[in-house]
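What follows is a single structure, written as structure tokens, with notes after it.
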Amino acid sequence: MITVIKNIMSFILPITVTVIVPLWIENNWTIHLSAPFVCGLLLIVLGLIVMVLTISSFIRIGKGTLAPWSPTKKLVVRGLYRYVRNPMISGVLTVLLGEALVVRSQNILIWAGAFFVINTIYFIIYEEPNLEHRFGNEYREYKKHVSRWLPRLTAYHQNEEA
């Protein structure tokens, strides 16, 4: 039961970033059926799929959650993590960009940029050193082959030569 509660609680961060903050910073939620609306809707769906796959990988493979209060016990280097080190953040950014297009919101677009910068700083200062400490050479090897933000064209396989 505690595991289920931890898994549910792990949704607090992405819901805050993609729902609560946009509702707080954007007053005009008028929707116009147009090309930007359709593109935005597609981005939202794509981002949500990435987020669900990422959270699922953390729970199934990593035996933990994306939340700092319940981190994974194993390094996740399968699924989307074979292509990019931070697919969850990529998914959240994709949802935010989709929302910005759907409602034509400069405020949400600025929030997406701020979210990206905040996470980049957080990863460099805290998360990456912490993962190196927790997982050692396994993480360092993974980090050497898989980019923080730009996806690889081919899947990473552990024990890959440099």
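A few remarks follow.
- All positions within segment 104-114 that are surrounded by 19 or more Cβ atoms within 10 Å (Cβ to Cβ) and either in a loop (DSSP other than H, G, I, E, B) or of a type outside the set (Phe, Trp, Tyr) (or both): Ser105, Ile108, Ala112
- Selection count where residues are part of a helix (DSSP H, G or I), more than 17 Å from Lys143 (Cα to Cα) and in contact with a helix residue (DSSP H, G or I) (Cβ under 6 Å, 6 or more places away or on another chain), scope segment 58-92: 3
- Top-ranked residue of segment 120-152 - restricted to ones that are free of Cβ contacts under 8 Å to residues at least 12 places away in the same chain and within 19 Å of the chain's Cα centre (by Cα), ranked as surrounded by the most Cβ atoms within 10 Å (Cβ to Cβ): Glu127
- Test result for Val117, closer than 24 Å to Pro36 by Cα, under 17 Å from the mean Cα position of the chain (by Cα), in a helix (DSSP H, G or I) and not small (Gly, Ala, Ser): no
Any read-out appearing in this document is the output of simple, stated calculations on the displayed coordinates, not a laboratory observation. The shown structure was predicted, so the numbers you read here are calculated from the model rather than taken from an experiment. Methodologically, a virtual Cβ is constructed for each residue, glycine included, from the backbone with ideal geometry; neighbour enumeration extends over all protein chains shown.
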